[in-house]
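Laboratory data are not the source of any read-out in this text; all were calculated from the coordinates shown. All of these numbers come straight from a predicted model, not from anything done at the bench. Cβ placement follows ideal geometry from the backbone for every residue including glycine, while neighbour counts extend to all protein chains displayed.
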Amino acid sequence: MHKNDDNIEQLMLSFLNDKLTLEDELYLKKWISESDANRDQAKRFCEFYHNIEAFSLLENIDTEQAFQQITAKIDHPKSNIRYIHILQRVAAILFIPLFGIQVYSLFVKNSSSPEWVTLRTNPGMVATVRLPDNSTVWLNSSTTIKYPQSFENERIVELDGEAFFDVTKNSKSRFKVSTPYQASIEVFGTRFNVDAYHGNRAIRTTLQEGQVVFHYQGKSNIEHLILKPSQTVVYDIENHELKPNDLNEETLTSWKDNQIVLKNTSLIDLLDIVEKRFDVQFVLKTAGLEAERFTGIFHSQQLITVLEHIKISSNIQYKIINESDQADHPLIVELYKM
């Protein structure tokens, strides 16, 4: 069966949207393995797709339609240089190195010995990862995840940052999330959130459904805690003890759906959420602001919407400071009361 380049791109697009038939998936994998040129073309296509997908988080556009519109303007094999230039321009504008996120199963299954894949999201960005066992992981801003190209007896991933896991059930193979500190989460198949940024004073794990075992370093020994659905555990890294949690499940997990959900949420917790979401840094200029609490749901992708809500509901003023012209520096926002 012969397929031209247009059909190959359509097959790859269907694969990335989980709409590919088994016959076409086998054909696509065979086509990729036939030459380095085919492999490189597939990689470029997938990089481009995920750049467009990431752009949708900022503009709320239809990624598939946008991709079709843009690729329709790109000439095929004879204009590979132009194609690469467009990829570079998209990446430069978005600052997104989201290479090969869902294309894993096309490129790495032929490896004789498992090698580790490392993926990192840029500040202010959210991405979705498909693991070798078809588990899905949402990565929050500035998050790094490491995992082997293929799982063997057990499924182990390393996390530095925040991620929501939808783990494929497999009673014969446990799924373990290791964090930068002496704490880990073990499951067989479930949905849960882990907030474990390096440098934080606490690790927070929220179980949505199923069951997880939270392992942590206690005062003298390794301790274990079994979580029930809708339960959250907060582990104090410095004091090696568990702390009370004052945030509800929806507030802790809504980030993966590009929402901010507040339910009597403290200003400090709100600012922590917003800093991740929009890659900003807050400075409190007035004492006592920490006591303020907020309720609301934000679907907007605009920082100014959240700042205006804070201002209207609490009379807290804000001032945006452009401290640096460098794109990799967070925006500074001062909060104060008159």
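Figures for the structure shown
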{"item": "Meets criteria (among the polar types (S, T, N, Q), surrounded by fewer than 18 Cβ atoms within 10 Å (Cβ to Cβ) and not in a loop (DSSP other than H, G, I, E, B)) for Thr251", "result": "no"}
{"item": "Some residue of the range 308-318 being in a loop (DSSP other than H, G, I, E, B), among the β-branched types (Val, Ile, Thr) and crowded, with 18+ Cβ neighbours inside 10 Å", "result": "yes"}
{"item": "Given (1) in contact (Cβ under 8 Å) with a residue 24 or more places away in the chain; (2) farther than 22 Å from Ser230 by Cβ; (3) not acidic (Asp, Glu), number of the condition Ala287 does not satisfy", "result": "(1)"}
{"item": "Test result for Asp166, charged (D, E, K, R) and within 30 Å of Ser313 (Cβ to Cβ)", "result": "no"}
{"item": "The range 150-159, subset part of a strand (DSSP E or B) and surrounded by fewer than 19 Cβ atoms within 10 Å (Cβ to Cβ), residue farthest from the chain's Cα centre (by Cα)", "result": "Ile156"}
{"item": "Residue satisfying all of: in the range 277-291; of a type in the set (A, V, I, L, M, F, W, C) and surrounded by fewer than 18 Cβ atoms within 10 Å (Cβ to Cβ); farthest from Val126 (Cα to Cα) among these", "result": "Ala287"}
